[in-house]
Amino acid sequence: MTVHIEGIVALAVFYLLILAVGIWAAWKNKNSGQAEGTDRSETIMVGGRDIGLFVGGFTMTATWVGGGYINGTAEYVYLPESGLAWAQAPFGYALSLVVGGLFFAKPMRSRGYVTMLDPFQQIYGKRMGGLLFIPALMGEIFWSAAILSALGATLSVIVDININMSVVLSACIAIFYTLVGGLYSVAYTDVVQLFCIFLGLWVSVPFALNHPAVTDITVTAVKHVYQAPWRGVIHRDDIWTWIDNFFLLVLSFLAAFGCLIMAVPSVLIGAIGASTDWNQTEYGPIPPKDNGKADMILPIVLQHLCPPFVSFFGLGAVSAAVMSSADSSILSASSMFARNIYQLAFRQSASDREIVWVMRITIFVFGALATVMALVTGTVYGLWYLSSDLVYVIIFPQLLSVLFVKGTNTYGSVAGYLFGMVLRIGGGEPYLRMPPFIYYPGWIIEQRENPMTKVMDDVVVQKFPFKTISMLASFLGNVAFSYLAKYLFESGKLSHKYDFLDAVMSKHSEEIMDKTTLVPRGNNIGLSEMAPVKSRLSVTLATAFTRRDTLPKEACATFEEEDSSPDSPNHDAE
């Protein structure tokens, strides 16, 4: 096995750059927290809420544009059974950022939430918040694993080292600077990483396009040359599956535009891979799709269709850049655990120093779990979809209910959780080789390669849009059972002593306020709070909030009115 010295040098340069920026950001983080007198733990989680528009916009884009996005898009465009028509994630994720900016960012920010679990614990209580942490954590782990899997594949091409070793090395780098710097390190390294990935890919594309082994991609888009046309086909019986998958990916505006722009080179590289006669290259006569290397098509194209100096630069840049999502995801998961599970549910008297150490430990633990998942998976795009599955089916309907439907309670939340979970798991999951126990209309059996054994197996494929149906059932179940419980207890048909979750009757006696509650229970988000805002951006939904002094004048006025009210939770404190 040949070790490419140039590749190692390029990799070392980019990693040292990322580490230097991460350490500098950690120093800035420490000084910022000391200067402003803020809690160290909250500074790590939300960066003092003063990341700024430029850094915030870049880091939101970089959070989405990672290994799954870059490598996964190229993989699906390249594969003859999918093609461009089924590479939905770039468009779905871009649209999700628009939807999030329009409907969710301001309501959650104006309430002062720190993590995504805060509104659930506020309305539904500590137990339900802990239950909702499970799918949220799994989504983050799957997402991080997709990034690490793609990064490991890229590194294994650069320096010809074992892919498992490259995954572990990549995870250690991402975990290290996330652990020492929190959100500041994540945000500022994201700026560098996004610049690297943009420059590295766009420099490489023209060289790959002009390689003698590559046929004109406008021809291979519509004609069968080396494989099926790369534009892909959506058959009539697959339309509902396509729609179901697209809605799964659609959950602000600057980041959405950036996501679409960053997808273009990946699409072109996937098309180039489908237009290449690999027998004319050093790669060999067997195409990547035929030897189980379709998920590595992006680094393979850069390695074998570009000049060495271009390929090493491009691959080194991508290696540094695809970490940009893993760090954010790991930080988000550790923030939710430290704040919503450890502190608010079990250790309400925990000191700030204790919370910081819990975050550091969980950053390491969750990073390790994502690394293990990356080592055992067979497809980057599969992990990418799974990370969205859990959020779409379980978290999204709960978030809609808790923010915009007045009167939902813990009983409805539990019912919606169970409906969504059972209906989704019941449909099975081919990527995890999990057979279904609910056979929805139109199911078929297909031959698919087992990512572990590399052997073709029979798997059940659901053609029915059961993921969207599961999401809708979860939402409607939450609303229906919430109002049913409310009616039964308030009408006296059930005695209040049976309100064992303390979710209905207690609201009539007082507005419950405790350490898990940031605003009075029952004080749901109004439609007026859904207007576009101009305040600064942050990394994810869990960190997209600002301090009062950085809010626009309209929001500040709202806070002042609330604070001046005798019923305001902030009135006594001030």
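Screening LEU494 with (1) more than 28 Å from the chain's Cα centre (by Cα); (2) surrounded by 12 or more Cβ atoms within 10 Å (Cβ to Cβ); (3) aliphatic (A, V, I, L, M); (4) closer than 29 Å to ASP237 by Cβ gives one miss only, at (4). Quick check, is VAL167 within 24 Å of PRO288 (Cα to Cα), assigned to a helix (DSSP H, G or I), among the aliphatic types (A, V, I, L, M) and touching a helix residue (DSSP H, G or I) at 6+ places or on another chain (Cβ under 6 Å)? Judged against the criteria, VAL167 is a match.
Checked against (1) farther than 19 Å from PRO80 by Cβ; (2) surrounded by fewer than 24 Cβ atoms within 10 Å (Cβ to Cβ), PRO288 passes all but condition (1).
Taking first residues from segment 423-434 that are under 17 Å from PHE475 (Cα atoms) and among the acidic types (Asp, Glu) and partners that are crowded, with 21+ Cβ neighbours inside 10 Å and at pLDDT 90 or above, no Cβ contact under 9 Å between residues at least 6 apart in sequence or on separate chains turns up. If the condition is being of a type outside the set (Ser, Thr, Tyr), modelled with pLDDT of 70 or more and assigned to a helix (DSSP H, G or I), then segment 61-84 contributes ILE70, ASN71, GLY72, ALA74, GLU75, VAL77, LEU84.
Whether any residue in segment 106-120 is hydroxyl-bearing (Ser, Thr, Tyr), modelled with pLDDT under 80 and surrounded by 24 or more Cβ atoms within 10 Å (Cβ to Cβ) is what I want to check. The answer is yes, given that some residue of segment 106-120 is hydroxyl-bearing (Ser, Thr, Tyr), modelled with pLDDT under 80 and surrounded by 24 or more Cβ atoms within 10 Å (Cβ to Cβ).
Every listed requirement among (1) farther than 20 Å from SER311 by Cα; (2) modelled with pLDDT under 90; (3) in a helix (DSSP H, G or I); (4) β-branched (Val, Ile, Thr) is met by THR218 save one, (2). Summed over segment 424-444, residues that are assigned to a loop (DSSP other than H, G, I, E, B) and at pLDDT 85 or above total 11. A single member of LEU132, LEU151 is closer than 18 Å to PRO299 by Cβ and either crowded, with 23+ Cβ neighbours inside 10 Å or within 21 Å of the chain's Cα centre (by Cα) (or both), and it is LEU151. Is there a residue in segment 175-182 that is of a type in the set (A, V, I, L, M) and not in a helix (DSSP H, G or I)? No, that holds for no residue. Given (1) β-branched (Val, Ile, Thr); (2) within 24 Å of ALA263 (Cβ to Cβ); (3) not in a helix (DSSP H, G or I), where does VAL205 come up short, assuming only one miss? Going through the list (1) β-branched (Val, Ile, Thr); (2) within 24 Å of ALA263 (Cβ to Cβ); (3) not in a helix (DSSP H, G or I), VAL205 breaks only (3).
The values are calculated or read from the model by the stated rules, or taken from the named source; none is laboratory data. Source: prediction; values computed, not measured. We place every Cβ from the backbone using ideal geometry, glycine too, and count neighbours over all the protein chains shown.
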